[in-house]
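Input: one structure, supplied below.
The values are calculated or read from the model by the stated rules, or taken from the named source; none is laboratory data. Predicted model only: the values in this text are computed from it and were never measured. Methodologically, a virtual Cβ is constructed for each residue, glycine included, from the backbone with ideal geometry; neighbour enumeration extends over all protein chains shown. Surface accessibility is based on the protein's heavy atoms, side chains included, excluding ligands, DNA and RNA. Shrake-Rupley method; radii C 1.70, N 1.55, O 1.52, S 1.80 Å.
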Amino acid sequence: MKLLLIALLAMILTGAAVQWALHEPGYVLLAWGHWSVELSLVLFVVLLGAAFIVLYALLRIVIRTWIAPADIARRLHRSRAERARRQLIKGLLEFAEGRWNQAERLLLRSAPHSDTPLLNYLAAAHAAHRMQDYDRRDLYLRKAIESDPKAEIAVELSQAQLQLDRGQTEQALATLRHLREIAPDHAYVVRLLGKLYLELKDWGELERLLPRLRRSTRISPERVNELENRIVRGLFEHARERHDLSALKQAWEALPRKSRKRPELLGLYARELAALGEPMQAERLLARTLNGQWDETLAACYGDIRSSDPAQQLKTAEAWLSARPHNGTLLLSLARLSAAAQLWGKARSYYEASLAEAPGVSAYFELGELLMRLEETEAATHAYREGLRLSLEGHTDRLEGPILSRSTAAVARIPNMRQNDAEDAYTA
């Protein structure tokens, strides 16, 4: 409808122009020196329009001729880019289907004309890695960085992952350390570096990385605490192996104040202090902590510390009994301290009270050892039998974990146990 209206309007205007030209044709006089030309206004307008059309056509031809090479090049580029895109997709499909060689060939062929050469070289590097050609893999990774220097972090992360997959720990460590220099707060870099330090058991570096792990990654607090436990245990074991008390104390003081208040770490530190010849310091640390805040883990640890004055240590622990008369953990620690002080009758009473509150394999076997010392063979046999029964039922001491090794050692120290009694204990 709109086109019809425009055509109708054009016809009306044309008719009006023709009528006007017929009634009032006018004239135009053109003079140049001694030359002059006179023609009607209508003819002049027609010639002027024709000249404009000719000039416009000539100008268009010149412009098209001038830009033709660039236009042809642009069309060729689009054609090559489209072909490269199809080859990239086909190469990725070949890669997904496990045809590494074909995938590598297609990806490299399309890389020079691809709009995303970075993807081509990264995928080709993964294909070469699958074919265990690590020199070509590293070459493609270098080309990936050259194709897009801004993607250095992404490329080096891929390189580190491939190196870890191959077991190239030294190369992966160098790559991740460089990444940490250029992106110190990158969460995935920090996480991979922590995983590698854990595999290498580099506890010192892992300890220095732990604050960054807390801030930069989404690891749960429970997982961070577990990791911190492993780090501290590794540092303590290293200090114990070297008999280096100062290294032990230095590792402890380097921990955050909040971590030094955690019972599992405090108990571990106390045990290591005692193992390195400082049981009195370990005992004072545990006693001070338990006086301020009670904890079952530390109460169990206190019973394992052997200070130079076990009688005084026993007295300290018995002061806690009035507030916790039915605490099985405390009763077991009192039994062990009584045995260390050679108070056999008191030790026996505490063992029996502990077993009445919380039966445990360790307590049964320790009671058996005590009864053997007192030459009460029949009672000792019964205690060992009960311990073996709990052990074979899969029982674990709540604060000490599996105790099969302890029970085996205890059975080996029974000198007069009859063979049939041992068999009865095993089948009980």
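Using the Karplus equation 6.51 cos²θ - 1.76 cosθ + 1.60 (θ = phi - 60°), what ³J(HN,Hα) coupling, rounded to whole Hz, does each residue of the range 157-164 give in order, writing x for Gly and Pro?
5, 4, 4, 4, 5, 5, 5, 5
Please give the length that would be gained between ASP309 and GLU82 if that part of the chain were fully extended, namely 0.36 nm times their separation in residues minus their C-alpha to C-alpha distance (nm, one decimal).
73.2 nm
Right, next: Carbon-plus-sulfur fraction of the accessible area of the chain, 1.4 Å probe, in percent?
Of the solvent-accessible surface of the chain, carbon and sulfur hold 57 percent.
Of MET11, MET372, MET1, MET280, which has the most accessible area with a 1.4 Å probe, and how do the rest follow in descending order?
My answer, sorted largest first, is MET1, MET11, MET280, MET372.
Answer rounded, prolate or oblate for the range 160-243, using the Cα gyration tensor with square roots of eigenvalues a ≥ b ≥ c: rounded when a/c is under 1.5, else prolate when a/b is larger than b/c, else oblate.
Because a/c hits 1.5 or more and a/b fails to exceed b/c, the range 160-243 counts as oblate.
Here's something else I'd like to know. Quick query: amide H of ARG324 versus all other amide H atoms, modeled in the peptide plane; which residues come in under 5 Å with a sequence gap of 5 or more or a different chain?
none
Something else: Quick one: angle between helix 134-147 and the longest Cα principal axis of the chain, in degrees between 0 and 90, rounded to 10, please.
50 degrees
Can you give the calculated 222 nm mean residue ellipticity of the chain, where each DSSP H run of n ≥ 4 adds -39,500 (n - 2.57) and the sum is split over every residue, rounded to the nearest 500 deg cm²/dmol?
Computed mean residue ellipticity for the chain: -25000 deg cm²/dmol.
Continuing with the same structure: For the range 75-182, just say rounded, prolate or oblate: build the C-alpha gyration tensor, square-root its eigenvalues into a ≥ b ≥ c, call rounded for a/c under 1.5, and beyond that prolate if a/b exceeds b/c, oblate if not.
Note, shape of the range 75-182 comes out oblate.
Under the rule of at least 5 residues apart or a separate chain, name every residue whose amide H is placed under 5 Å from the amide H of VAL28.
It is LEU39, SER40, LEU41, by chain and number.
Suppose a student asked you for the relative contact order of the chain, using Cα pairs under 8 Å spaced at least 6 residues apart; what percent would you report?
Reported as a whole number, the value is 5 percent.
Quick one: angle between helix 263-275 and the longest Cα principal axis of the chain, in degrees between 0 and 90, rounded to 10, please.
For 263-275 against the chain, the angle is about 50 degrees.
Set the Förster radius R0 to 51 Å, insert the Cβ-Cβ distance between ARG284 and GLU181 as r into 1/(1 + (r/R0)^6), and round the FRET efficiency to 0.05.
Efficiency computed from Cβ-Cβ geometry: 0.70.
Let me ask another. How far, in degrees from 0 to 90, does helix 41-96 lean away from the longest principal axis of the Cα atoms of the chain, to the nearest 10?
20 degrees
Checking the a/c ratio against 1.5 first, then a/b against b/c, what shape does the Cα gyration tensor give for the chain?
prolate
Roll a 1.4 Å probe over the protein chains and send me the accessible area per residue for the range 307-348 in Å².
The answer is 44 Å² per residue.
Quick check on packing: order 319-325, 133-139 by the mean number of other C-beta atoms within 10 Å, highest mean leading.
Descending packing order for the listed peptides: 133-139, 319-325.
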